[in-house]
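Written out below as structure tokens is the structure these notes cover.
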Amino acid sequence: MNILLTSSGRRTYLVDYFQKALGDEGLVFAANSQRSPALLKADGSVITPLIYADEYIPFLLSYCREKSIDLVVPLFDIDLPVLAAAKEKFAAIGTKVAVSDPQTVALCNDKSAMCRKLRELNIGCPESSVSVEDALRKVSGGSMRFPLMVKPRFGMGSIGVDEAEEEAELSLLHERCQRKIRRSYLKYEAMACPGEEVLLQEKRPGEEYGLDVINDFDGNYVTTIVKRKAAMRAGETDEATTLGEGDEGYDELMNVGRKIALGFHHLGNMDADVIMDKTDGIPYVIDMNARFGGGYPFSHAAGVDLPKAYVLWAKGEKAGTELLTAIPHVHAYKDIAVEIYR
């Protein structure tokens, strides 16, 4: 079996995890639109056209045929809708794409739609708005309160994220966020809702947790891995501890994961960020990504082997519970390494 990780960027750890999961049974290839560290670690690599270029999917299809790729695993939010829409084209050449259906991907990438869906599922999500005027009406009416988080509606990696502590800051930070969206790759999805590309969301006070909500490749719920975050950097978890039965908030967060899995019917991993509100004790989901997230390495460090499960599911086999059970109270950190291109 050969695996292709698209938009692999700096996720060298995932290349390593999938190589170990395959062992001698195949190769791991990495793709990216520019040179990146993951390309160095892979057994083979390729620089692709930009994701939104017309030639992107034809290029990947050709590469998958050339390298006999059995499984494609996308690692970037912008990649997800493009690959989700092309799943049948890949299936026609014998390549499975580990991505959820287009509707699920769209719900996760659009943070406003995500909040509406979460509330339908009776899952907490902070009150939010897509306009300054509406946000101020809600503040005046008491349904929202400062501080408000100002962030791209289709954002990732903490690009353009700010915090407005009072009304005087809100319009300025809203305009600043719009400028950052226009200057980044976030502009592509934002084109679908001009003037409503910024999300204004009530900041909930409390501790932040990360969930790996795991479904199999048929969309059946398997389990949730719960981690308490200790540090963040550029929108990704930098330090975290796995939780287990008996830990405060564990049961509530496991229930959130189960509701997400059953409500979104995603494929593989769903990375979710949750605030456990210290005032009302309710868990509030603040973000979701239908892919391996930056917090997955902390699950892996605690004994979870989701890449191995992906390999088994792609073969049509079952993954044992031992692959998807985390050892509680494992505290881990991310490190920084330097790679030399040759």
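Assorted remarks:
- Taking the stretch 280-290 as the range and being surrounded by fewer than 24 Cβ atoms within 10 Å (Cβ to Cβ) and either of a type in the set (D, E, K, R) or under 21 Å from residue 216 (Cα atoms) (or both) as the test, the residues that pass are 280, 287, 289.
- Filter result (open to solvent by 10 Å² or more (accessible area, probe 1.4 Å) and of a type outside the set (Gly, Ala, Ser)) within the stretch 257-278: 258, 259, 262, 265, 267, 271, 273, 275, 276, 278
- Where a residue in the stretch 29-40 is touching a residue at least 40 places away in the same chain (Cβ under 8 Å) and in a helix (DSSP H, G or I) and its partner, wherever it lies, is polar (S, T, N, Q) and buried (at least 24 other Cβ atoms within 10 Å of the Cβ), with Cβ under 9 Å and at least six apart: 37/8
- Candidate set from the stretch 132-175 (those that are surrounded by 15 or more Cβ atoms within 10 Å (Cβ to Cβ) and basic (Lys, Arg)); member that is farthest from the chain's Cα centre (by Cα): 138
- The single condition from (1) closer than 30 Å to residue 64 by Cα; (2) in contact with a Phe, Trp or Tyr (Cβ under 6 Å, 6 or more places away or on another chain) that residue 126 fails is (1).
- Cβ pairs under 7 Å, 6+ apart, first in the stretch 166-182 and more than 21 Å from residue 140 (Cα to Cα), second β-branched (Val, Ile, Thr) and open to solvent by 40 Å² or more (accessible area, probe 1.4 Å): 180/159
- Residue list for the stretch 1-28, restricted to those being open to solvent by 10 Å² or more (accessible area, probe 1.4 Å), touching a residue at least 40 places away in the same chain (Cβ under 8 Å) and closer than 17 Å to residue 336 by Cβ: 9, 11, 12, 13
The values are calculated or read from the model by the stated rules, or taken from the named source; none is laboratory data. Only a predicted model underlies this, so the values are computations on that prediction, with no experimental measurement involved. Note: ideal-geometry Cβ built from the backbone for every residue, glycine included; neighbour counts use all protein chains shown. Quick note on the areas: whole protein, heavy atoms, side chains included, nothing else; ligands and nucleic acids left out. Shrake-Rupley method; radii C 1.70, N 1.55, O 1.52, S 1.80 Å.
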